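The values are calculated or read from the model by the stated rules, or taken from the named source; none is laboratory data. Small disclaimer: the values here were computed from a predicted structure and weren't measured. Here Cβ is always computed from backbone atoms with ideal geometry, including for glycine, and neighbour counts include all displayed protein chains. Side chains are part of the model used for accessible areas, which takes the heavy atoms of the whole protein and leaves out ligands, DNA and RNA. Shrake-Rupley method; radii C 1.70, N 1.55, O 1.52, S 1.80 Å.
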Amino acid sequence: MFGRDVTQRVHFENELVKAKETAETATAAKSQFLATMSHEIRTPLNGIVGMLELLRMTTLNDKQREYVSTLQLSSENMLSIINDVLDFSKIESDKMELEYEPFELKKVIEETFDLLYYRALGKRLELFYNIENTIPAYVMGDSMRLKQVLVNLVGNAIKFTEKGHILITAQLIPSVSEKLNIKFSVKDTGAGISEEQRQRLFQSFQQADTSTYRKFGGTGLGLTISAKLVALMGGTIELMSEPGAGSEFYFTVITQPAPIAAARNVRSNLRILRGKKILIFSTNSDFDLHLSDLFNDWHILHQSVTLLEQAKKELSPDANYDALILDAQMQDYLLFAEELKEQIRSSNIPVFAFNARFSGGDIIYGNKLFEAVLPSGVDAIKISSVLTKSFIDSATSFARGDDAVPVFDSQVSLKYPMQILIAEDNPINQTLAVTVLEKLGYKPDVVENGKLVIEKVATKQYDLIFMDVQMPEMDGMEATTALRKLNNNSIIIAMTAFALEDDKKQCLDAGMNDYTTKPIRIEVVQSLLEKWGDVILKSKAARNDEPLIDKQTIERLKAMAVGDDTSFVKNIFELFLKQMDNLHADMSKFFNEHDADGMYKASHKLKGSALNIGAKRLSEVCRIIEEKGKLGDLTGMNELIQQLAEVISLTKNEIRSLSLA
């Protein structure tokens with residue numbers, strides 16, 4: 001009896017092991033299927049989105065740019081459906097990992113509104129937000145996933161709200177911990193949700209009722225994914241709603257303030273607005289307060305008036321205003337505009353009408369009186385785009401909104417000179433990658449598979465390689481492994497249509513340095529080039545094999561002396577040592593004062609002096625500092641200043657060892 005029980009137990013345990021192995025195999029097969037499906041569907045979509053991105057960089061009128069943006073949004077919506085399924089799969093298999101990087105909270109909320117602006121506009125809904133001032137401007141976390149949750153909740157609110165508004169609030173919950181506990185709320189003025197419907201909301205592939213799918217479509221996964229993402233961010237998501245009284249979704253996120261240095265490095269697209277001076281003419285204190293808050297954040301000087309006579313007085317010739325904004329909900333704003341326009345005609349100050357109520361809902365350009373007319377409820381990103389567009393030439397990049405040209409720096413190649421290779425088998429993606437890099441000032445080489453990468457690097461030294469993961473003959477993973485075995489130290493960045501977190505890990509494990517998903521975007525490529533460009537420059541400076549003092553230069557200097565005058569060369573080197581110390585002190589001072597121009601001038605002078613006496617290694621470090629200073633770029637300068645100090649010390653020792661001073 002006992003033996004039979006043991007046999008049955010062993011048999012039962014074996015069956016459990018087999019069932020577990022079968023389940024794991026099925027899960028792996030499902031993940032592989034989803035990854036393959038993602039790649040096959042994303043490849044043509046990436047081509048569409050990428051070409052639309054290039055089209056947006058061409059000269060388009062405002063209506064054409066709006067059409068292109070709509071096409072791009074539709075393509076990205078298709079990608080978002082794929083991402084919903086992939087995200088659900090990742091969460092279910094515990095493979096979802098969140099980033100932990102500094103980001104600006106306000107920007108995430110504004111980008112959420114920007115994505116949903118036209119949907120809200122179509123229903124005449126207003127979008128508002130309020131961030132408690134005790135919350136730091138920059139916090140740590142996964143901004144993309146937080147935005148994904150907010151987009152889902154605000155998108156649902158727009159679906160079920162016929163009139164009124166949607167409000168996002170962010171409040172700090174008191175805590176004894178050093179961590180920040182932020183409570184987000186998305187509140188609408190819609191019809192509300194019954195208790196029965198609420199029970200189904202957070203279930204996979206379920207919606208409030210079957211009519212929702214027929215009317216709006218969707219996967220029914222949005223709230224399920226949002227709840228899981230919030231849980232990964234250390235919080236919970238809940239709903240308060242009553243039929244006829246609107247709904248409020250609220251969730252908490254555990255985070256912490258971003259380090260000051262990290263916050264400073266978050267790029268701003270609003271540099272062009274800094275220091276501008278704008279007059280606001282409005283009798284609505286709420287409207288005035290809203291614009292004043294925005295302008296304070298953007299470092300725009302501004303003055304508000306409520307009467308026509310005050311406006312006329314402010315717009316005197318010596319006031320030097322850059323723009324005039326009128327509240328279009330003032331009773332006689334058109335008459336006011338005509339009168340003020342006549343007064344400022346000679347100064348060519350642009351005049352805008354904000355807060356307008358009209359049937360079209362679009363931003364109107366080319367109006368007889370106004371540079372642009374903006375409807376009420378337009379978010380901050382569009383306001384910044386309209387203002388920036390008026391302050392710079394139409395061919396210049398301006399702060400990005402849905403209808404704005406992507407922001408990029410055509411001089412990146414001057415800041416970070418690099419030899420770049422693209423490995424990509426798809427002709428459309430080749431064109432996209434080459435065009436994007438050419439716009440940033442580079443002239444990349446292109447090959448279509450991993451074998452050709454190996455051949456190419458044997459004949460030319462590349463600083464950076466953009467490597468497609470899936471290629472014929474030899475894929476990106478195999479090529480990277482082969483390069484590392486050959487002791488090739490080029491920076492390798494994976495380009496792939498795959499979207500699972502495991503793919504990133506596999507790329508890094510294979511020896512790649514970084515990873516980006518398609519479609520290729522110029523802002524992302526620029527960010528990668530800036531990130532790794534600093535590493536490459538420092539590496540070049542560190543492994544500089546130039547001599548500390550060039551012996552041939554010393555001989556030429558000796559030949560310039562009169563007769564056997566040995567003091568001539570010593571005097572030159574003594575003067576150089578004094579100048580080097582003085583310029584080094586100046587450069588340290590300019591660095592501490594964030595004075596890029598001062599860095600440029602001092603490094604240029606020291607570079608010239610170093611070349612004159614043959615201090616080649618010192619001149620090379622100065623050259624790198626000079627180039628960055630000339631372009632106003634202080635990123636990575638701290639490490640370069642440290643390298644400069646080390647090379648100066650070595651140069652001094654070399655001069656003394658050669659008895660030159």
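Are any residues in region 435-481 part of a helix (DSSP H, G or I), open to solvent by less than 20 Å² (accessible area, probe 1.4 Å) and either without any contact (Cβ under 8 Å) to a residue 60 or more places away in the chain or more than 30 Å from ASP409 (Cβ to Cβ) (or both), and if so, which ones? First the steps, then the outcome.
Looking only at region 435-481, we keep the residues that are part of a helix (DSSP H, G or I), and these are 435-439, 450-459, 476-481.
This time we only want the ones that are open to solvent by less than 20 Å² (accessible area, probe 1.4 Å), so: 436-437, 450, 453, 476, 479-480.
GLY450, VAL453, GLY476, ALA479, THR480, listed by residue number.
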Report summary line: Here the qualifying pairs (Cβ atoms under 9 Å; residues six or more apart or on different chains; first in region 376-394 and closer than 16 Å to TRP298 by Cα and open to solvent by 30 Å² or more (accessible area, probe 1.4 Å); second modelled with pLDDT under 75 and small (Gly, Ala, Ser)) come out as LYS389/ALA399; LYS389/ALA404
**Report entry** Residue check for ILE41: surrounded by 17 or more Cβ atoms within 10 Å (Cβ to Cβ) and either at pLDDT 70 or above or assigned to a helix (DSSP H, G or I) (or both)
**Finding:** no
Query raised in the report: Tell me, which residue of region 288-347 that is closer than 27 Å to ASN133 by Cβ and among the charged types (D, E, K, R) is modelled with the lowest pLDDT?
Result: ASP297
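Kindly indicate whether SER385 is in contact with a strand residue (DSSP E or B) (Cβ under 8 Å, 6 or more places away or on another chain) and modelled with pLDDT under 85.
It is false that SER385 is in contact with a strand residue (DSSP E or B) (Cβ under 8 Å, 6 or more places away or on another chain) and modelled with pLDDT under 85.
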Report summary line: For region 303-322, pairs from a residue that is over 19 Å from LEU387 (Cα atoms) to a residue that is open to solvent by less than 80 Å² (accessible area, probe 1.4 Å) and of a type in the set (Val, Ile, Thr), with Cβ under 8 Å and 6 or more apart or across chains, are VAL305/ILE280; ALA311/VAL305; GLU314/VAL305
